[in-house]
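S.K.: One structure is given below, represented as structure tokens, and several questions about it will come after.
Bear in mind that the values in this text are calculations on the coordinates, not laboratory data. Everything quoted here is computed from the prediction, not taken from an experiment. All Cβ positions, even for glycine, are placed from backbone atoms using ideal geometry, and neighbour counts span all protein chains on display.
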Amino acid sequence: MIFIQYLWYFLRKSSYDHETFRMNDSQLTNAFSNGKDSPKYFQSRAKKDDFLLRNQSKLTKMVIEIQQPLSPKLAQIYAQMAELHEKSDFTAMTQEMTKLFSYALDNFVDYDKNFEDFGMYTIIFDCLTKKMPISLRKATIAFLSNVFQNPNTIILSNMFNNGIIQILSSILYENIESLQYPVLQCVINISADSQIYRDEVLKLFKLDALRFLMCNSNKKIAKSAARLVAAFCQFPLDTKSLESILNFFIDVFLEVSRELLPTLVNVMISFVNSNEACQLFVSKSEESSNTILKVFESLLSEPNPQTVINTLIFVDKLAEGYKNIVDFDYLKILMLIQTDNDKISYYAIRVISNAIVLNPQISQLVIDNNFMPQILEVYSNGSGNSRIETVFLMTNLVRQSNQQIFDLLCKNYQLVTIFVDALNVEEQELVDSIICALTKMMQSEISNPTQKKIRDQFYGASGNEVIEMLINSENNAISQQAYAFHSLVLEERKPFEFVLS
């Protein structure tokens, strides 16, 4: 059991870099998870933010049941802190508190017998009061921030019940710049712990105050204020809160310096994590003649590759949640497909692929501007992920295009050979999409020469052998889909059904 608790610690710790109590930017972005794409209906593949949303009740039970091993080093520091606190030696206390927050940066720290015996709760709360030196208060907040990196600590539970969030809020409003950053980082970690804690932070840390910090503070504090708003979005929000946060974003977008816009894109990715949030964003944007979306469009030309990637992720997520195409310059995204940066190319292809599902007219944009050669080039020479994403894009083109584009694709490109080759990946979502595309191609009412060409490509690429291999797959859904398709190819004309997992 102790091993499980420490495993949780290291999993969470990996989301932070080694600057003291600093949340990594990448935690706000970078994760897609696959959804389902069936022959009966089309939908873009769903994505999730890379936030660690924890099961509060299970983790609470785990932490309570586990006996935290006592640390001799911590016990020594606690004893020294108690002695120095008794003497009111605040300078020496600062040094010991610095040792504590450094220890907590790299080690799991939670309530134990020594923590209670040496009166650490009383000492910590006292160290946060205005009478203490700023350096001691800062070190104390940093210690708490590092402790709260870990999920559902008993220390946080006890301190929450004794008003730690109210105390941190009061410290922020003292307007002492050196304390603002550690306070914000601390409440980011608290907000990430549970919806109950998030709600209390959202109530006390007013959006107007965070907006002021983002627009009038140094870059470090401004980024932390933005991340706190992102933390607000990790758990479900009611409509009123969603509207308040969206209005906050729109105002800040038009006020902050351009160098902070990439940070705001990260935050917006966390905001559009529900259909309601996406609907609200699009409605607000349309009210302002899409001014905000035009700001996002401009970020596609930023020299920083991660800014471009995050912008693409945002557009894709927004469209997926809105369930419709958004008013965006998709031609500009298409032009990013053949870039030297493989990640940009991957996300650009993904955006276009999902956009085709939402609006088949995007297929026309691809064909009219002759982007098929670039797409095929990425398939031939891109990374593994980019190649797979191009296959999804091409299957969506086949399945969603009008008859004219469909005929052009079948006649002019060796798509069947590509699809058969990609079936060797044996990834269920990919197999689903490819078999649907191949089925449409082989059942379509196109000219006999083109139909013969399609079947010749299929057999020439050993398609029948690949399908037989999939029939023997350990994945039951893939096996049944391959069997149904195999029956179709052999002219048995059995009902063509798909089994979705």
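S.K.: A 31 angstrom limit on the alpha carbon distance is what I want to check against. Which of 343/452; 284/440; 130/223; 73/206; 240/323 exceed it?
M.R.: Cα-Cα > 31 Å for 343/452; 284/440; 73/206; rest within.
S.K.: How do 153, 98 line up, fewest other C-beta atoms within 10 Å first?
M.R.: Taking fewest neighbouring Cβ atoms as first place, the list is 98, 153.
S.K.: Around residue 342, under 12 Å between beta carbons, what's the net of Lys plus Arg minus Asp minus Glu among the other residues?
M.R.: 0
S.K.: Still on this structure: How would the range 414-491 be classified by its alpha-carbon gyration tensor: rounded, prolate or oblate, with rounded meaning a/c under 1.5 and the a/b versus b/c comparison settling the rest?
M.R.: Since a/c reaches 1.5 and a/b is larger than b/c, the shape of the range 414-491 is classed as prolate.
S.K.: Which aspartates and glutamates have a Cα lying under 19 Å from the Cα of residue 220, excluding residues fewer than 8 positions away in the same chain?
M.R.: Filter leaves 17, 19, 25, 174, 177, 208, 255, 259.
S.K.: Residue 170 to residue 83: extension gain in nm, 0.36 nm per residue of separation minus the Cα-Cα distance?
M.R.: Net length gain for the segment: 28.5 nm.
S.K.: If you don't mind, another one. Hey, with R₀ at 22 Å, roughly what FRET efficiency would residue 339 and residue 294 work out to, going by the Cβ-Cβ distance, to 0.05?
M.R.: Result of the calculation: an efficiency of 0.50.
S.K.: Another one. How large are Rg and Dmax for the range 310-364 when calculated on the C-alpha trace, in angstrom?
M.R.: Considering the range 310-364 through its Cα atoms, Rg and Dmax are 10.4, 31 Å.
S.K.: Right, next: Counting only other residues whose beta carbon sits under 12 Å from that of residue 385, what net charge do I get with K and R as +1, D and E as -1?
M.R.: With Lys, Arg at +1 and Asp, Glu at -1, the neighbours total 0.
S.K.: Note down the Stokes-Einstein diffusion coefficient of the range 176-316 in µm²/s, whole number, using a Kirkwood radius over alpha carbon pairs, 37 °C, and 0.692 mPa s.
M.R.: Answer from the Stokes-Einstein relation: 214 µm²/s.
S.K.: Taking the number of other C-beta atoms within 10 Å as the exposure measure, put 445, 320 in order starting with the fewest.
M.R.: With the fewest neighbours first, 445, 320 line up as 445, 320.
S.K.: Follow-up question, since we're still on this one. Neighbour counts of other C-beta atoms within 10 Å: give me 316, 456 arranged from fewest to most.
M.R.: Fewest-to-most Cβ neighbours within 10 Å comes out as 456, 316.
S.K.: Taking the alpha-carbon centroid of each part, what is the distance from the range 102-164 to the range 393-451 in angstrom?
M.R.: 60 Å
S.K.: Can I ask one more? With r as the distance between the Cβ atoms of residue 472 and residue 359 and R0 = 35 Å, compute the FRET efficiency 1/(1 + (r/R0)^6) and round to 0.05.
M.R.: It comes to 0.35.
S.K.: Follow-up. Classify the range 71-205 from the C-alpha gyration tensor, please: rounded if a/c falls under 1.5, else prolate or oblate depending on whether a/b exceeds b/c.
M.R.: Judged from the Cα gyration tensor, the range 71-205 comes out oblate (a/c at least 1.5, b/c at or above a/b).
S.K.: Kindly provide the trypsin sites (Lys or Arg not before Pro) of the range 314-361 that DSSP labels as loop, not H, G, I, E or B, and whose Cβ sees at most 14 other Cβ atoms within 10 Å.
M.R.: Loop-located and lightly packed - 323.
S.K.: Using the C-alpha gyration tensor of the range 329-411, what are the square roots of 5 times its eigenvalues, in whole angstrom, with the largest one first?
M.R.: 19, 13, 11
S.K.: Continuing with this model, one more query. State the Cα centre-to-centre distance between the range 298-367 and the range 251-281 in whole Å.
M.R.: Each part's Cα centre sits 17 Å from the other's.
S.K.: Report the full-extension gain for the segment residue 417 to residue 464: residue separation times 0.36 nm, less the Cα-Cα distance, to one decimal in nm.
M.R.: 15.7 nm
S.K.: If a/c stays under 1.5 just call it rounded; otherwise compare a/b with b/c (prolate if a/b is bigger, oblate if not). Do that for the range 252-358, with a ≥ b ≥ c from the square roots of the Cα gyration tensor eigenvalues.
M.R.: The shape class here is oblate.
S.K.: May I ask for the net charge around residue 285, where only other residues with Cβ less than 13 Å from the Cβ of residue 285 are counted and Lys, Arg are +1 while Asp, Glu are -1?
M.R.: So the surrounding residues net to -2.
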